[in-house]
There are 2 protein chains.
Amino acid sequence: MTRRYDEVMSLSLRRGFIWPSVDIYGGFAGFYDYGHLGAMMKRKWEDLWLRYFLGLSERYYLIDTTNILPYKSLKASGHVDHFTDILVKCSGCGLSHRGDHLVADATGKSAEALGTQEIDTEIEKLNIRCPKCKGTLMPSTEFNMMFPLSVGPTGTDQAFLRPETAQGAYLNFKREFESLRRKLPYGLAIVGRAFRNEISPRQGTYRMREFIQAELQIFFNPGTFDDELDFESVADEVIRISFEETKEDGEVEGIEAGDLLGRLPKFYVYHMAKMQQFYLDILKVPRERFRFAELGEKERAFYHKLHFDIEINIDSLGGWGEINGIHYRTDHDLKGHQAGSNEKMTVNVGGERVLPHVLELSFGVDRNIWAFLDVFYEKDDRTVLRLPKEVAPITLGIFPLVSKEGLPELAREVYDSLKHDFSCFYDESGSIGKRYARMDEIGTPYCLTVDFDSLKAKDVTVRERDSTDQKRISIDGLADSLRALLKDEEPA
Amino acid sequence: MTRRYDEVMSLSLRRGFIWPSVDIYGGFAGFYDYGHLGAMMKRKWEDLWLRYFLGLSERYYLIDTTNILPYKSLKASGHVDHFTDILVKCSGCGLSHRGDHLVADATGKSAEALGTQEIDTEIEKLNIRCPKCKGTLMPSTEFNMMFPLSVGPTGTDQAFLRPETAQGAYLNFKREFESLRRKLPYGLAIVGRAFRNEISPRQGTYRMREFIQAELQIFFNPGTFDDELDFESVADEVIRISFEETKEDGEVEGIEAGDLLGRLPKFYVYHMAKMQQFYLDILKVPRERFRFAELGEKERAFYHKLHFDIEINIDSLGGWGEINGIHYRTDHDLKGHQAGSNEKMTVNVGGERVLPHVLELSFGVDRNIWAFLDVFYEKDDRTVLRLPKEVAPITLGIFPLVSKEGLPELAREVYDSLKHDFSCFYDESGSIGKRYARMDEIGTPYCLTVDFDSLKAKDVTVRERDSTDQKRISIDGLADSLRALLKDEEPA
């Protein structure tokens, strides 16, 4: 792990963003919990995500579905047969390794596309040994990454923890279509947990066995979707993109959305542009740290026809890291469930029966949280977490300058008047400089201080995190003034 | 199931609040999904719950923890050994039954307090047979209700899905204490899923195998907690309460909080009052449908010293049904984890080492959603779901009176100006009366209609759901006027 990793993890542990689960029992590999600040940041990130992506169309809707799914549904989706990684065991110490990781570590290149035979060939050719004990490695096998369990007292009802939230949307597709507007395109969003029994979880929060996804499944008529979108509104957006051939070199091209149309379908480029705008315009991620990276045929999951990841350049993880994906899943999923369940998944569109195709916008929530802690954490003269205001766990720090002569009383009044509408933190311990520093480190955009002048003028000093600029704002109408500031407007 | 059950379930299925999971594969007993309206209502209920209960103290915090927990942690908590129900199998058809349900169905009285021997005695005495095939029942056994699974590729790391969110708070107790204010009392809230392998799930959403809890664990110094609360502020609250001896008769007493102090600890009564105020004052549940019901020693879970349920009189379930609980868990949990992990769980309070006690406020989110669909659904001359405004899935319906002559354009403008700040639904299909009726049925508190006068006067008609009263409100400043209405204030 890099020095930067230690720096970010130290912040995370010390202030309670995200930390290894069950540490009092010596930890639990691949599992992480959110402390208070992380949980607040995550909920705000989710709210922002929901507002933005459900806001893209009045037919994009939120639903919520179970984490346990029965065998039949995951057999039909293909996960029982194909959702595997390649497992290589050591004949000496018995430790399990991921085959592609062994080969990638030896060659410096991704080996995700290789099958068991190819992995075995590479291991022999490169003379790869167990990284732990140097023992001989056994032939590789396919390992299903789902967690199986049985439901009911007899143990005969086989089920799995869902490996992706997406299946919940496909299983509800028809019923939601009927109870909502009965029109295409329409979308179902789910924010929730998914579970994968990773062979060797590593890189901290980056590859976890239990993780949180925010996914939007868009069901559409492939014959008409392109014409149903306002492509003009995004045609000029310069997409930062790396194609399969050159992405390993870190090369990123800037191509106008309109100019991508020869290579990629219109509906696909339109949603790429919308995703990019979420990161660059709303979340203010530095442009040079953002890119789409193409996955080739062998790297893609078996159900994706087109797959670009959104990657962020994350120093603590040593470079570009996948946080989201945009996946064209065709009619693979609905067709599978139609065959598995014998229920028709076609819908009536203007008198015609259509089996919709699916475009999936998939977001790794934990990876987003980690990426933000990395990208926005500055440790120079000042230590500041320059989080977007909307996702900062605490929005307002509220302090009396000193703990005497009526200042705490007035500061409390201010706190009580704001606490229902904003995430507030009241603090009177330590010097005012220390209190500012503690708020800077967790990304609090504004601190409000009550000083002796406040008692007469009935106002507070509002200090802005990034510039440290201060201005006095009247307590009368304070909530409205703060709302304006949070929208980057001048307070009234 | 009652006629009322069918009525509420019909609403729920038709409009997409909550419905059986995986129905295209013939269903999945004990599992339910949230459709769009249910998911919106649930998220709003959770937001309201968080605002209210975290607002009770500036030291009550939100965290989020994993659903999978390792064996050791649940062994230490007592769940591996004691989290059981009594299982009775039929020797004929092989069906599994819950022993206490068999006895309760035969006697009409709760049998939750009985052990395996007592259940066997009752079954023999009452000559109870398999409800399905009338076959002979086998001797009862204890059945652990947790879902076991194994983590990692070797299958040796045993784990469980968490049976309650609470353990996540206990496992994080010490670390959060250190990273937050290092003071007692302090509280950790978790909103998330819990999993119980119910022997025979029944009563729809009332007893599910995967369900959602909102729980607040309050850690306190038992020597001082009573004095740290502002009991005066709730002393006059008349608590609706049924004690163990009389609750089966449906008797509910109204007792002032102050007068309960002889029978129950002060800190316990204080939080009962706060929970009651949430239901009666904020959510406006009819007073006569709300009560606290005491659980006796044998009915309580093994880790509860004091246990009252919050029950709502739910017609569709045939009477009083538990939706929440308030549990005094003493130092059972922290003591268990201290012994299991060899990590000290005591904290320093003014120079003294204290092992905190725990008061748990536990809420069944799915049960709350169902109870609200039942309690607030009126089907008389008009069909109206009189939901509290804050939890209505859609806040504003926005319609043009007719779909021509500029009305849709203006209605769209109104919709676009409000959609980021409120949950809005735009509709122009069908007569205006039908559109109002569709919104009434899902509990939308206000409908905004653009008519011909609106074009000149730049205003809309705002129709209130419960009274059907209409008033004209200017489009200029509309968002602020609506915010006032939603707080039951006059619009400016």
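The values are calculated or read from the model by the stated rules, or taken from the named source; none is laboratory data. From a predicted model like this one, the values you see are computed outputs, not experimental measurements. In this analysis, Cβ positions are derived from the backbone assuming ideal geometry, glycine residues included, and neighbour counts consider all displayed protein chains.
Kindly indicate whether B:Ile432 is among the β-branched types (Val, Ile, Thr), surrounded by 18 or more Cβ atoms within 10 Å (Cβ to Cβ) and either out of contact with any Pro (no Cβ under 8 Å at 6 or more places or on another chain) or on the phi > 0 side of the Ramachandran plot (or both). Taking the combined requirement at face value, the residue satisfies it.
There is no residue in segment B:146-160 that is of a type in the set (Asp, Glu) and at pLDDT 95 or above. Among the residues of segment B:267-286, those identified as farther than 18 Å from B:Trp370 by Cβ and surrounded by fewer than 16 Cβ atoms within 10 Å (Cβ to Cβ) are B:Gln277, B:Asp281, B:Ile282.
Each row is one residue, and each column tells you yes or no for (1) among the small types (Gly, Ala, Ser); (2) modelled with pLDDT of 95 or more; (3) surrounded by fewer than 17 Cβ atoms within 10 Å (Cβ to Cβ).
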{"site": "A:Pro408", "(1), (2), (3)": "no, yes, no"}
{"site": "A:Arg412", "(1), (2), (3)": "no, yes, yes"}
{"site": "A:Glu428", "(1), (2), (3)": "no, no, no"}
{"site": "A:Ala437", "(1), (2), (3)": "yes, yes, yes"}
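Just so you know, in segment B:202-211 the residues that are assigned to a loop (DSSP other than H, G, I, E, B) and buried (at least 21 other Cβ atoms within 10 Å of the Cβ) include one that is farthest from the other protein chains (Cβ to nearest Cβ), and it is B:Met208.
For segment B:78-87, indicate whether the set of residues that are more than 9 Å from chain A (Cβ to nearest Cβ), more than 23 Å from B:Ile212 (Cα to Cα) and more than 23 Å from the chain's Cα centre (by Cα) is non-empty. Checked against the condition, which is being more than 9 Å from chain A (Cβ to nearest Cβ), more than 23 Å from B:Ile212 (Cα to Cα) and more than 23 Å from the chain's Cα centre (by Cα), segment B:78-87 yields at least one hit. Taking (1) of a type in the set (Lys, Arg); (2) farther than 24 Å from B:Arg483 by Cα; (3) buried (at least 16 other Cβ atoms within 10 Å of the Cβ) in turn, B:Lys419 satisfies each apart from (2). State yes or no: is B:Glu122 surrounded by 15 or more Cβ atoms within 10 Å (Cβ to Cβ), at pLDDT below 90 and acidic (Asp, Glu)? No: the conditions fail for B:Glu122. Of the residues that sit in segment B:51-75 and are at the interface with chain A (Cβ under 8 Å from one of its Cβ atoms) and aliphatic (A, V, I, L, M), which one is farthest from B:Ile369 (Cα to Cα)? Only one residue tops the list, namely B:Leu69. When segment A:140-155 is limited to residues that are assigned to a strand (DSSP E or B) and among the hydroxyl-bearing types (Ser, Thr, Tyr), the one that is farthest from the other protein chains (Cβ to nearest Cβ) turns out to be A:Thr141.
Taking B:Glu112, is it at pLDDT 90 or above and either loosely packed, with under 15 Cβ neighbours inside 10 Å or acidic (Asp, Glu) (or both)?
no
When restricted to residues that are of a type in the set (Asp, Glu) and without any contact (Cβ under 8 Å) to a residue 12 or more places away in the chain, segment A:344-389 contains 4.
Checking each residue in segment A:214-255 for being among the polar types (S, T, N, Q), surrounded by fewer than 20 Cβ atoms within 10 Å (Cβ to Cβ) and either under 22 Å from the mean Cα position of the chain (by Cα) or not in a loop (DSSP other than H, G, I, E, B) (or both) picks out only A:Ser233. For segment A:103-152, which residues satisfy the criterion of being farther than 24 Å from A:Gly30 by Cα and touching a Phe, Trp or Tyr at 6+ places or on another chain (Cβ under 8 Å)? The answer is A:Val151, and nothing else. Quick one: is B:Val191 farther than 22 Å from A:Tyr25 by Cα, in contact with a helix residue (DSSP H, G or I) (Cβ under 7 Å, 6 or more places away or on another chain), of a type in the set (A, V, I, L, M) and not assigned by TED's automatic domain parsing to the domain that holds B:Thr65? Answer is no for this residue.
If you scan segment A:1-42, which residues turn out to be of a type outside the set (Phe, Trp, Tyr), facing another protein chain (nearest Cβ under 7 Å) and either farther than 24 Å from B:Ala189 by Cα or surrounded by 22 or more Cβ atoms within 10 Å (Cβ to Cβ) (or both)? A:Gly16, A:Ser21, A:Val22, A:Ile24, A:Asp33, A:Gly35, A:His36, A:Ala39, A:Met40, A:Lys42 - these are the residues of segment A:1-42 that are of a type outside the set (Phe, Trp, Tyr), facing another protein chain (nearest Cβ under 7 Å) and either farther than 24 Å from B:Ala189 by Cα or surrounded by 22 or more Cβ atoms within 10 Å (Cβ to Cβ) (or both).
Within segment A:140-162, the set of residues being free of Cβ contacts under 8 Å to residues at least 12 places away in the same chain and polar (S, T, N, Q) comprises A:Ser150, A:Thr154, A:Thr156.
Among the residues of segment A:162-195, the ones that are more than 9 Å from chain B (Cβ to nearest Cβ), basic (Lys, Arg) and in contact with a Gly (Cβ under 9 Å, 6 or more places away or on another chain) come to 1 in all. As a summary of the residue check, A:Val269 satisfies the conditions (1) more than 14 Å from chain B (Cβ to nearest Cβ); (2) touching a residue at least 40 places away in the same chain (Cβ under 8 Å); (3) part of a helix (DSSP H, G or I) except for the one numbered (2). Taken together, the residues in segment A:305-348 that are touching a Pro at 6+ places or on another chain (Cβ under 9 Å) and either crowded, with 16+ Cβ neighbours inside 10 Å or not assigned by TED's automatic domain parsing to the domain that holds A:Phe220 (or both) amount to 8. Among the residues of segment B:352-377, the ones that are part of a strand (DSSP E or B) and either in contact with an Asp or Glu (Cβ under 8 Å, 6 or more places away or on another chain) or not assigned by TED's automatic domain parsing to the domain that holds B:Ala194 (or both) come to 8 in all.
Within segment A:178-197, is there a residue that is among the polar types (S, T, N, Q), farther than 11 Å from A:Thr65 by Cβ and not in a helix (DSSP H, G or I)?
Yes.
Yes or no: B:Leu137 of a type in the set (A, V, I, L, M, F, W, C), in contact (Cβ under 8 Å) with a residue 24 or more places away in the chain, facing chain A (nearest Cβ under 8 Å) and touching a helix residue (DSSP H, G or I) at 6+ places or on another chain (Cβ under 8 Å)?
Values: of a type in the set (A, V, I, L, M, F, W, C): yes; in contact (Cβ under 8 Å) with a residue 24 or more places away in the chain: yes; facing chain A (nearest Cβ under 8 Å): no; touching a helix residue (DSSP H, G or I) at 6+ places or on another chain (Cβ under 8 Å): yes.
Considered against the rule, which asks whether it is of a type in the set (A, V, I, L, M, F, W, C), in contact (Cβ under 8 Å) with a residue 24 or more places away in the chain, facing chain A (nearest Cβ under 8 Å) and touching a helix residue (DSSP H, G or I) at 6+ places or on another chain (Cβ under 8 Å), B:Leu137 comes out as no.
The condition of being closer than 30 Å to B:Ala293 by Cβ and modelled with pLDDT under 95 holds for only one of B:Gly351, B:Gly336, B:Gly318, that being B:Gly318. The set of residues from segment A:80-99 being assigned to a helix (DSSP H, G or I) and surrounded by fewer than 21 Cβ atoms within 10 Å (Cβ to Cβ) comprises A:Val80, A:Asp81, A:His82.
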